[in-house]
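Notes follow once the structure below has been shown.
The values are calculated or read from the model by the stated rules, or taken from the named source; none is laboratory data. Treat the numbers as computed from the prediction; the structure is a model and nothing was measured. Positions of Cβ are generated from backbone atoms using ideal geometry, with glycine treated the same way; all protein chains shown enter the neighbour counts. Note: accessible area is taken over every heavy atom of the protein model, side chains too, but ligands, DNA and RNA are not part of it. Shrake-Rupley method; radii C 1.70, N 1.55, O 1.52, S 1.80 Å.
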Amino acid sequence: LKLAGAMPACRRTMCAMRSGLGLLLCHLTHGLVPSSTEFPANSGTAPGSFDLDKCENKPTYNNERCPSDTSIACWSAVNATAWTCLSAALANGSRAPSGLLWDVACRSTTDLGSFQGACTFGNGSQTRASVVLLQVMPWAEAREKAEETLALMTLAERRSLLQGIGWHPTKWFFDLEQDWYVGNTPALPRLGIPSLNMQDASAGFRTYWSHYRGTVTVWPSLLSLAATWDPEAVQDFAVAVGKEFAGKGANVILGPSVNVHRVARNGRNFEYLSGEDPYLGSQLSRAYVQGVQSEGVLAVMKHWVFNSQETNRGTQNSIVDAKTAWELYYPPFQAAINAGVSAAMCSYNKIDGTYSCSHKHQLDEILKRRMNFQGFVQSDWWATHNTSLAEGLDQEMPGVAKEVFFSEVNLTGQPLKEVDVAASRILAAMYRLDLGAKAKCTPPNCSRWMERNVTSPEHRALSRSLAADSIVLLKNEDVLPISPGKVSKIAIVGAPAVAKSYDPSGVGQGGGASWHTGDYYSGGGSGHMTGSPVTPLEGLKQRAEAVGIEVLESTSDNVTAGVEAAEQADVVFVVAATTSGESVDRPNLDLDGNASSLIQAVAAVANKTVVLLQIPGAVVMPWHDEVSAILALFLGGQETGSAWADVVFGDVEPSGRLPIMMPVSENDTIAPSEEATIVYSEGLETSYRNTSFQATFPFGHGLTYTTFEYSGINSSACSVGSNASRSSLEFFDQDAAFLCIMVTVRNSGSRAGRAVPQLYLDLQDSEQPVAILKGFQKTAVLHPGSTTRIAFPLTKKDLSYYSAGSDDWIMAGDVTAYVGESSADKSLSLEFLVEAETESGTAQPGGDHSSGSIALSCWLGAVLAMCSAYWQ
């Protein structure tokens with residue numbers, strides 16, 4: 001475990017390897033740690049420093065609640081006696097010995113009572129600690145081992161790695177063999193090569209068969225994770241998902257999906273971790289890949305590339321210029337590659353008239369050579385159209401089709417060198433994560449593993465925490481959080497408040513629903529998860545009644561019934577939703593049913609109306625001015641209802657931010673096209689980058705229950721010290737940082753909360769239409785009046801733009817930096833000059849320029865020489 005204040009990684013201890021829940025219960029009962037636990041030498045962080053709110057701010061706290069030596073406590077909002085006080089012996093980090101953040105760990109201790117989370121005593125500095133991830137083998141060493149094994153393999157064995165197995169033809173199409181993974185390759189026992197056991201992926205281990213239901217966690221969607229704007233949270237999620245995959249015998253996760261949104265109605269937007277921005281996607285993709293692969297599970301980035309809509313996805317032809325490709329659509333893939341991703345999945349669509357999985361320029365020249373991708377390329381299922389080994393495809397999936405292009409017969413006609421290159425790439429990915437030593441089973445002998453229950457109280461608590469952290473408070477006019485002293489009766493209105501989980505493998509679904517049908521907790525298609533979610537009604541009602549608030553129900557979209565309930569309540573919660581699924585795009589950006597009419601009718605009679613949105617992406621809100629508050633959750637998984645309750649009752653401070661723009665109308669988006677060839681004529685002008693698009697709520701927007709002030713903007717060399725929060729650099733590549741933009745964040749409100757300052761850069765001559773996101777940090781919990789210094793590390797690439805003329809990156813000269821709380825917030829700015837140069841190092845002179853309330857002119861070359869002038 002890596003504990004707060006620890007710079008070197010701590011070795012694994014018996015404490016860290018014991019059962020997470022059992023170990024935590026031991027600690028909670030005895031208030032001490034086992035003698036085998038070693039804590040690192042203190043490096044300046046005082047004991048008792050946690051990323052937590054103060055215990056005195058909790059509703060059931062009193063001055064005699066805990067002994068004087070308490071550093072941290074698990075607390076309950078509904079039971080004044082259910083406090084578990086932990087001694088100073090545990091004040092060594094913001095994570096419990098189980099590896100969970102303390103607030104998540106407390107929530108998982110259901111055997112001890114209804115704990116809302118953790119809190120801290122005193123006024124220690126705020127730090128956040130992350131789990132130390134296991135290191136993987138370097139690619140060079142893995143390739144060497146692959147070549148040694150390749151020399152021992154027969155030609156048939158080499159070819160067997162290049163084609164999937166486990167599916168069989170049916171009268172209409174193809175189907176998966178019972179209890180096989182969705183993707184499989186044969187094992188080669190004599191060489192110690194395991195089978196590749198691949199499973200979908202978007203929100204957990206796909207519940208392909210109905211009897212998996214309840215044995216895995218239904219996590220929030222990847223778009224929901226994007227709304228956390230928190231690489232640490234994404235990494236925690238990825239580690240937990242990796243554990244569940246490994247626990248099911250899988251060693252490949254068919255994710256992350258990292259495509260940057262272009263089409264707001266894309267049916268798979270809920271699956272895409274990047275939202276609408278390449279920088280956001282890059283930082284989160286890196287965290288995902290490292291987290292999953294630390295558990296010995298190969299990550300597969302997808303869908304490569306320009307797969308921006310589901311309409312005609314198998315035939316449409318994308319035309320994208322090089323500048324748009326490099327600056328907007330490639331970066332999240334490049335970040336995953338830099339993080340060591342094991343494989344890439346090529347997409348269904350065509351590019352410049354050639355299918356993606358046969359596109360030599362995209363697969364071989366761009367992906368493998370220029371982006372230095374070391375892993376293997378596999379096709380999406382049935383996306384192979386020829387035997388394209390020479391073009392850069394290494395593996396055909398799933399291996400059964402009307403024509404199998406990587407069959408032994410077809411591969412016989414391919415040069416042996418091409419077969420060896422593909423096989424070597426697959427082997428290297430296996431060796432790098434030591435799959436041979438970690439192999440669990442080989443289909444068809446995996447039933448015992450696949451039926452295992454791999455979820456846990458800890459994972460359920462983490463899922464709840466992630467969902468709550470992803471909720472975006474879009475609007476709040478003095479109604480939230482709900483206080484029992486001000487509210488005695490609430491109404492919960494709308495059919496989605498009691499919506500069930502959809503099982504595409506179940507019977508009696510009716511209504512013409514099919515495999516791509518989603519629900520209000522998980523989107524449809526290969527990324528769909530079936531479970532038993534906490535509904536909004538269940539979560540809100542339980543929390544309200546625990547503090548004596550009466551709950552009225554109208555769980556339909558009947559306007560008359562909704563209005564009747566609204567007239568009797570102090571506050572009305574209208575739960576509204578829509579969903580989407582793979583292979584079809586959304587018909588519009590409206591909510592399901594007659595939700596808009598219901599919202600408007602309720603708002604006309606209610607004292608205060610709060611709208612809770614469960615959505616797969618952008619929606620239009622013609623009623624937004626008529627309601628008191630709006631919150632959005634991008635398909636939050638099994639703990640949806642509990643997450644809503646946590647946020648609206650103030651047990652968790654809202655800290656989500658929009659990873660997309662919420663448009664005023666559908667005219668403010670790019671629609672799916674029915675054309676055979678789709679030219680990305682808008683270039684870089686998508687989402688907030690298009691100045692003609694109007695937003696109801698801008699990209700990056702999100703409110704809290706407090707307020708923050710930003711000041712003291714300047715630049716400096718990047719370092720982790722007393723002038724900046726240690727955690728603000730932890731998930732970013734400090735080694736590549738060219739300089740840092742610094743800003744001070746102060747909690748100017750009356751409640752604790754977390755800020756998400758965002759950095760947007762306007763690069764001279766870049767041809768970017770607006771300032772673009774080039775930095776963000778999610779702070780630790782800041783108490784009222786407290787401040788923290790945040791660093792935004794910038795690489796040379798961050799300060800550069802792609803030049804189609806030179807086919808190279810050129811550093812900008814004049815740069816204006818904006819720091820604020822969304823893409824529309826330019827209240828704090830800084831101008832500086834950089835020495836323009838190409839990525840190859842050719843210097844190009846720049847000139848001095850400064851303007852604005854704070855100006856800084858800098859020449860940045862081999863040595864960073866800084867000169868600053870402050871004037872008002």
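For this structure, a couple of remarks:
- When peptides 135-145, 532-542 are ranked by their average number of other Cβ atoms within 10 Å per residue, the highest-first order is 532-542, 135-145.
- Out of every Cα-Cα pair that the stretch 738-792 contains, those further apart than 14 angstrom amount to 58 percent.
- Residues of the stretch 201-238 with amide N under 16 Å of a point placed 7 Å along Cα→Cβ from S447: 209-212
- Heavy-atom accessible surface of the stretch 524-566: percent carbon and sulfur, 1.4 Å: 44 percent
- For the set K360/K438; K54/K500; K350/K475; K360/K796; K323/K475, the pairs lying more than 32 angstrom apart at their alpha carbons are K360/K438; K54/K500; K350/K475; K323/K475.
- Amide H contacts under 5 Å for D277, placed H, 5+ residues apart: H261
- Shape analysis of the stretch 352-418 based on the Cα gyration tensor places the equivalent ellipsoid semi-axes at 20, 14, 11 Å, largest first.
- Between D765 and E553, the simple spin-label model (points 7 angstrom out along Cα→Cβ) gives 6.6 nm.
- Ranked by the mean number of other Cβ atoms within 10 Å of their residues, highest first, the peptides 171-178, 247-254 fall in the order 247-254, 171-178.
- Alpha-carbon Rg/Rh ratio, for the stretch 313-360, with Rh computed the Kirkwood way: 1.00
- Probing with 1.4 Å while keeping every protein chain in the model, the per residue accessible area of the stretch 213-253 equals 11 Å².
- W382 long-range amide H proximity, modeled H, under 5 Å: M397, G399
- Modelled FRET efficiency - R0 45 Å, K145 with W515, Cβ distances, 0.05 increments: 0.70
- For the stretch 468-578, a crude dipole built from +1 on the beta carbon of Lys and Arg and -1 on the beta carbon of Asp and Glu, taken about the Cα centre, is about 180 debye to the nearest 20.
- Taking amide H atoms as placed 1.01 Å from N in the peptide plane, the amide H of I492 lies under 5 Å from those of L552, E553, S554, F573, each 5 or more residues away in sequence or on another chain.
- For the stretch 541-624, convex hull volume per residue from C-alpha positions, Å³: 105 Å³
- The stretch 222-273: equivalent-ellipsoid semi-axes (sqrt of 5 x gyration tensor eigenvalues, Cα, Å): 23, 14, 7
- Projected label points at H211 and L191, each 7 Å from Cα along the beta carbon direction, are separated by 3.4 nanometres.
- Order by protection proxy (mean Cβ within 10 Å, highest first), peptides 423-433, 408-418, 679-689, 314-324: 423-433, 679-689, 314-324, 408-418
- In the full protein context, the stretch 409-526 carries 41 Å² of accessible surface per residue, based on a 1.4 Å probe and ignoring ligands, DNA and RNA.
- Here's the list of aspartates and glutamates a cross-link from K171 could span, going by alpha-carbon distance under 18 Å and ignoring same-chain residues fewer than 8 apart: E403.
- For the stretch 306-349: accessible area per residue (Å², 1.4 Å): 20 Å²
- Cα-Cα pairs of the stretch 396-553 separated by more than 22 Å (percent): 69 percent
- Measure of compaction for the stretch 255-352 (Cα Rg per 2.2 N^0.38 Å): 1.02
- According to the calculation over all Cα-Cα pairs in the stretch 343-467, the P(r) per 10 Å bin from zero is 12, 32, 29, 19, 8, 0 %.
- Each pair of Cα atoms in the stretch 118-229 enters the Kirkwood radius, and Stokes-Einstein at 4 °C and 1.567 mPa s then converts it into a translational diffusion coefficient of 68 µm²/s.
- The average projected area of the stretch 405-454, computed from the convex hull of its Cα atoms over all directions, is 5.3 nm².
- The phi-based Karplus calculation (6.51 cos²θ - 1.76 cosθ + 1.60; θ = phi - 60°) puts the 3J(HN,Hα) values of the stretch 573-578 at 9, 9, 8, 10, 7, 7 Hz, whole numbers, x for Gly and Pro.
- Averaging 1/r over each pair of different alpha-carbon atoms in the stretch 251-296 and inverting the result gives 11.2 Å, the Kirkwood hydrodynamic radius.
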